[in-house]
1. With +1 on each Lys and Arg Cβ and -1 on each Asp and Glu Cβ, and nothing else charged, work out how big the dipole of the chain is about its Cα centre, in Debye to the nearest 20.
2. By how many degrees, between 0 and 90 and to the nearest 10, does the Cα long axis of helix 60-71 differ from the longest principal axis of the chain?
3. How far, in nm, would the chain grow between Gln132 and Ala107 when pulled straight, counting 0.36 nm per residue and subtracting the alpha carbon separation?
4. Counting only C-alpha contacts under 8 Å and six or more residues apart, can you give the relative contact order of the chain as a whole percent?
5. Distance in nm between label sites at Asn143 and Ser88, each 7 Å beyond Cα in the beta-carbon direction?
6. Hey, for a label at Gln121 modelled as a point 7 Å past Cα toward Cβ, could you say which residues of region 58-99 have their backbone N under 14 Å away?
7. Which three lengths, in whole Å and largest first, does the chain cover when its Cα atoms are put on their principal axes?
8. Projecting each Cα onto the charge dipole of region 3-143 (Lys/Arg +1, Asp/Glu -1 at the beta carbon, about the Cα centre), which of His79, Ala44, Ala107 comes out farthest on the positive side?
Amino acid sequence: MSAHHAEKKSHHQQEQKDFLERKDRQMFMELGMVAATNFLPWEAHAFFGQLLHADHLAAYPRIGLAHCKIMGGQFEDAHKLLKEEAVSSSPLKAYGIALRALAFHLAKQPRELNELLQGNQELLNNNPPALQFLKSLLEISNNH
């Protein structure tokens with residue numbers, strides 16, 4: 001890579017980071033979740049899309065977009081987002097697993113939910129709220 005190309009790439013990455021300040025990113029995330037939860041998918045996608053544009057390597061925009069997909073019944077699309085490396089290698093991995101569990105539950109796929117729980121037992125043991133959430137969903141799924 002030439003020095004000019006490296007400098008240009010570095011400048012572009014800095015522009016993206018400066019696109020939204022940290023406090024603005026938090027606000028966009030919160031507003032996106034509110035929009036998604038209130039069945040405003042276009043608005044939620046707009047917020048999360050801007051977050052993804054601001055930091056394309058971050059987990060939280062994918063988590064937000066996956067939340068939108070789940071609310072819209074697009075469970076496979078949610079799984080794809082949540083299995084991306086940006087989520088699976090981040091500190092938010094347990095949150096991503098919990099959202100995948102919700103998608104399996106809503107799609108009435110208890111076997112896949114159980115496999116998700118069993119395959120991530122070690123990580124979930126270190127996150128009691130996420131572990132309890134998956135166990136609760138599995139219990140509900142098995143009783144209905």
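Every number in this text was worked out from the coordinates using simple rules, so none of it is lab data. Not measured: the values here are computed from a predicted model. For neighbour counting, all protein chains shown are included, and Cβ atoms are generated from backbone atoms with ideal geometry for every residue, glycine included.
1. In debye, rounded to 20, the chain gives about 160.
2. So the inclination is approximately 40 degrees.
3. The Gln132-Ala107 span can extend by a further 7.0 nm.
4. Result for the chain is 15 percent.
5. 3.3
6. none
7. Taking the Cα atoms of the chain, the three principal extents are 60, 33, 24 Å.
8. Of the options given, the answer is Ala107.
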